[in-house]
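J.: Mind having a look at this structure? Questions to follow.
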Amino acid sequence: MEDIKEENSLIKLYIKGKGRREKEEYVMLTEEAYGPLKALRIENKGYVFKSESIKNKGCGLSTSMIRRIVKEALRKCGLREELSAHSFRHTFATMALKNGADLYYVQQALRHRSITTSELYLKPIEREEKAAEKFIKI
């Protein structure tokens, strides 16, 4: 929770990107996302997600354990087997673009170095919006 900072009326979650030593990059949190996190922090003594295992009881969960928990929850919901915690990243990008977000800002939120990587999310959206099938009149 110490990685969440309220700055200039914005809520920023500082993260360490792949291959980085410092938490210098951030993603923005909405008030809707931050509210429950604040409640969890108080309940879990500073951790957002707290371990209940015998070995690590009371400590924060590892990223691999969070991945496992999410994967299991997705499976229990009956969703496709190949979905994972990382799938939420793809969902975020697709939903943001479908709802009018600028590609540049989606790139920033995903922390892609190249905008070309973020452009991959446009292809399915453009296919739906500009579908040739829509131009057939009978």
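The values are calculated or read from the model by the stated rules, or taken from the named source; none is laboratory data. Please read all numbers here as calculations on a predicted model, not as lab measurements. So basically every Cβ, Gly included, is an ideal-geometry build from the backbone, and we count neighbours across all protein chains shown. Accessible surface areas use protein heavy atoms only, side chains included; no ligands, DNA or RNA. Shrake-Rupley method; radii C 1.70, N 1.55, O 1.52, S 1.80 Å.
J.: Going by the structure shown, is Phe135 loosely packed, with under 14 Cβ neighbours inside 10 Å and closer than 27 Å to Lys12 by Cβ?
T.: Numbers: loosely packed, with under 14 Cβ neighbours inside 10 Å: yes; closer than 27 Å to Lys12 by Cβ: no.
The answer is no for Phe135.
J.: Between residues in the range 21-32 that are under 18 Å from Ala93 (Cα atoms) and of a type in the set (A, V, I, L, M) and residues that are in a strand (DSSP E or B) and modelled with pLDDT of 90 or more, which pairs lie under 7 Å by C-beta distance while being six or more apart or on different chains?
T.: From residues that are under 18 Å from Ala93 (Cα atoms) and of a type in the set (A, V, I, L, M), the pairs are Met28/Leu10; Met28/Ile11; Met28/Lys12; Leu29/Ile11.
J.: Hey, can you tell me all the residues within the range 1-25 that are surrounded by 14 or more Cβ atoms within 10 Å (Cβ to Cβ) and at pLDDT 80 or above?
T.: Within the range 1-25, the first condition is being surrounded by 14 or more Cβ atoms within 10 Å (Cβ to Cβ), and the residues that meet it are 1, 4, 11-14, 25.
Those that are surrounded by 14 or more Cβ atoms within 10 Å (Cβ to Cβ) and at pLDDT 80 or above: Ile4, Ile11, Lys12, Leu13, Tyr14, Glu25.
J.: Pairs under 8 Å by beta carbon, first residue under 15 Å from Ala101 (Cβ atoms) in the range 113-127, partner charged (D, E, K, R) and surrounded by 11 or more Cβ atoms within 10 Å (Cβ to Cβ), six or more apart or different chains?
T.: Ile125/Lys98
J.: Go through the range 102-129 and count every residue that is open to solvent by 40 Å² or more (accessible area, probe 1.4 Å), more than 14 Å from the chain's Cα centre (by Cα), closer than 23 Å to Met28 by Cβ and not hydroxyl-bearing (Ser, Thr, Tyr).
T.: Adding up the residues that qualify gives 6.
J.: Still on this structure: Considering only the range 38-95, how many residues are charged (D, E, K, R) and open to solvent by 100 Å² or more (accessible area, probe 1.4 Å)? Give the derivation first.
T.: Taking the range 38-95 as the starting set, the residues that turn out to be charged (D, E, K, R) are 38, 41, 43, 45, 50, 52, 55, 57, 67-68, 71-72, 75-76, 80-82, 89.
This time we only want the ones that are open to solvent by 100 Å² or more (accessible area, probe 1.4 Å), so: 43, 45, 52, 55, 57, 67-68, 75-76, 80-82.
Number satisfying all stated conditions: 12.
J.: Looking at (1) open to solvent by less than 60 Å² (accessible area, probe 1.4 Å); (2) modelled with pLDDT of 80 or more; (3) of a type in the set (A, V, I, L, M), find the lone condition where Met28 falls short.
T.: Evaluating Met28 over (1) open to solvent by less than 60 Å² (accessible area, probe 1.4 Å); (2) modelled with pLDDT of 80 or more; (3) of a type in the set (A, V, I, L, M) leaves (1) as the failure.
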